[in-house]
Amino acid sequence: MINKISESLQAAVRDIHDGATVMIGGFGNAGMPAALIDALLEQGARELTIVNNNAGNGDTGLAALLKAKRVRKIICSFPRQVDSHHFDALYRAGEIELELTPQGNLAERIRAAGAGIGGFFSPTGYGTLLAEGKETRVIDGRNYVFETPIHADFALIKALRGDRWGNLVYRKTARNFGPVMAMAAKCTIAQVVEVVELGELDPEAIVTPGIFVQRVVLEGKQA
């Protein structure tokens, strides 16, 4: 019997290893798997490469992971904002590496990994510092930059509901990066608000099929 339900948040992240590349869903706080991030913080993995839209807000979630100096490198599109003080301090001190990627390119690089695409040409970033060292090409008279896929060892995402097969549905814009990250990681761990019985999710409403999800855990399920 297929049953991907983890017994606790701690069990769900237990094998995330030092040096792993971890995708974390969310657009700011919307769709951010805060409970899984807290469990990862407690677990202790270090030297992580984090793929996220931004570089943390305030003192919780991803920002707490940065504050604890667990992150070696971050790949994101929007690292600085009013309350990104932990990232700012680390970056100025040379204690974290940043790979800045325009938001559309970030989403497409993640999607390309999940789709098995070896790369793509994008006009975004051409002629800027972001294109330095990258292949460029003129296609139909327009300049493009070659972008590579972003793969991950783990993806931590948040969904509204899931079943024991790993099928997921999301709440409105909290979906954001969740579906593409689920496809791009070797192991996808989904924090959900509710676990439902098989058949309770309308097949037409399932956004992320269970084939892309390895673990499902209730967001309040502690060891």
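Note on region 67-91: among residues that are more than 15 Å from the chain's Cα centre (by Cα) and under 21 Å from Ile150 (Cα atoms), the one that is surrounded by the fewest Cβ atoms within 10 Å (Cβ to Cβ) is Arg72.
The condition of being more than 17 Å from the chain's Cα centre (by Cα) and aliphatic (A, V, I, L, M) holds for Ala223. Scanning region 123-162 for residues being of a type in the set (Phe, Trp, Tyr) and touching a Pro at 6+ places or on another chain (Cβ under 8 Å) gives a total of 1. Looking only at region 1-38, filter to residues that are assigned to a strand (DSSP E or B) and of a type outside the set (Ser, Thr, Tyr); which one of those is surrounded by the most Cβ atoms within 10 Å (Cβ to Cβ)? Among them, the one singled out is Ile24.
When we screen Val180, Val145, Val138 for residues that are open to solvent by less than 70 Å² (accessible area, probe 1.4 Å), assigned to a strand (DSSP E or B) and not basic (Lys, Arg), the only hit is Val145. May I ask you to verify whether Gly118 is more than 21 Å from Gly19 (Cβ to Cβ), outside any loop (DSSP other than H, G, I, E, B) and modelled with pLDDT of 95 or more? For Gly118, the condition - more than 21 Å from Gly19 (Cβ to Cβ), outside any loop (DSSP other than H, G, I, E, B) and modelled with pLDDT of 95 or more - is not met. In the set Leu48, Leu36, Leu65, only one residue is closer than 20 Å to Val216 by Cα, in contact with a strand residue (DSSP E or B) (Cβ under 8 Å, 6 or more places away or on another chain) and among the hydrophobic types (A, V, I, L, M, F, W, C); that residue is Leu36. Taken as a whole, region 92-112 holds at least one residue that is in contact with a strand residue (DSSP E or B) (Cβ under 7 Å, 6 or more places away or on another chain), of a type in the set (D, E, K, R), at negative phi and open to solvent by 70 Å² or more (accessible area, probe 1.4 Å).
Among all residue pairs at least 6 apart or on different chains, which show Cβ distances below 6 Å where the first residue, located in region 147-163, is free of Cβ contacts under 8 Å to residues at least 60 places away in the same chain and within 16 Å of Ile211 (Cα to Cα) and the second is part of a loop (DSSP other than H, G, I, E, B) and among the β-branched types (Val, Ile, Thr)? Pairs that qualify, where the first residue is free of Cβ contacts under 8 Å to residues at least 60 places away in the same chain and within 16 Å of Ile211 (Cα to Cα) and the partner is part of a loop (DSSP other than H, G, I, E, B) and among the β-branched types (Val, Ile, Thr), are Arg161/Val196; Asp163/Val196.
The values are calculated or read from the model by the stated rules, or taken from the named source; none is laboratory data. Source: prediction; values computed, not measured. For neighbour counting, all protein chains shown are included, and Cβ atoms are generated from backbone atoms with ideal geometry for every residue, glycine included. All accessible areas refer to the heavy atoms of the entire protein, side chains included, with ligands and DNA or RNA removed. Shrake-Rupley method; radii C 1.70, N 1.55, O 1.52, S 1.80 Å.
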